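Input: a single structure, listed below in structure tokens.
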Amino acid sequence: MRRKKEFKKAVGHYFFNISMGYQNNITISRKTRQEAVNDFLKYQKLKKGCEWLGQWNGKEFVDTVLSEAA
């Protein structure tokens, strides 16, 4: 069985998940909100299952609402 790769979430970075199939999710992080929103929208155009997580503050995700104007 393949071992799950763990990584630490950096404080202040933005995260989103991409569903690549049955129990196969990829978590992507970007340093700025604009980079994260641009990449998130690109994956949505490719019709991938995307979930916006928001900005990690060390304990929880904040800025979890992705507005269309962003």
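Mind checking which residues of the range 18-46 are modelled with pLDDT under 85 and either surrounded by 11 or more Cβ atoms within 10 Å (Cβ to Cβ) or touching a Gly at 6+ places or on another chain (Cβ under 7 Å) (or both)?
Residue satisfying the conditions is Met20 alone.
Just checking, which of Gly54, Gly49 is of a type in the set (Gly, Ala, Ser), surrounded by 11 or more Cβ atoms within 10 Å (Cβ to Cβ) and touching a residue at least 40 places away in the same chain (Cβ under 8 Å)?
Gly54
Residue under question is Leu66, and the condition is that it be part of a loop (DSSP other than H, G, I, E, B) and either surrounded by 14 or more Cβ atoms within 10 Å (Cβ to Cβ) or of a type in the set (A, V, I, L, M) (or both); does it hold?
Working: part of a loop (DSSP other than H, G, I, E, B): yes; either surrounded by 14 or more Cβ atoms within 10 Å (Cβ to Cβ) or of a type in the set (A, V, I, L, M) (or both): yes.
The answer is yes for Leu66.
So the check is Cβ under 8 Å with 6+ separation or different chains; which pairs have a first residue in the range 1-17 that's at pLDDT 90 or above and a second one that's exposed (fewer than 15 other Cβ atoms within 10 Å of the Cβ) and aromatic (Phe, Trp, Tyr)?
Pairs that qualify, where the first residue is at pLDDT 90 or above and the partner is exposed (fewer than 15 other Cβ atoms within 10 Å of the Cβ) and aromatic (Phe, Trp, Tyr), are Phe15/Phe61.
The values are calculated or read from the model by the stated rules, or taken from the named source; none is laboratory data. Every value quoted in this text rests on a predicted model; they were computed, and no experiment measured them. In this analysis, Cβ positions are derived from the backbone assuming ideal geometry, glycine residues included, and neighbour counts consider all displayed protein chains.
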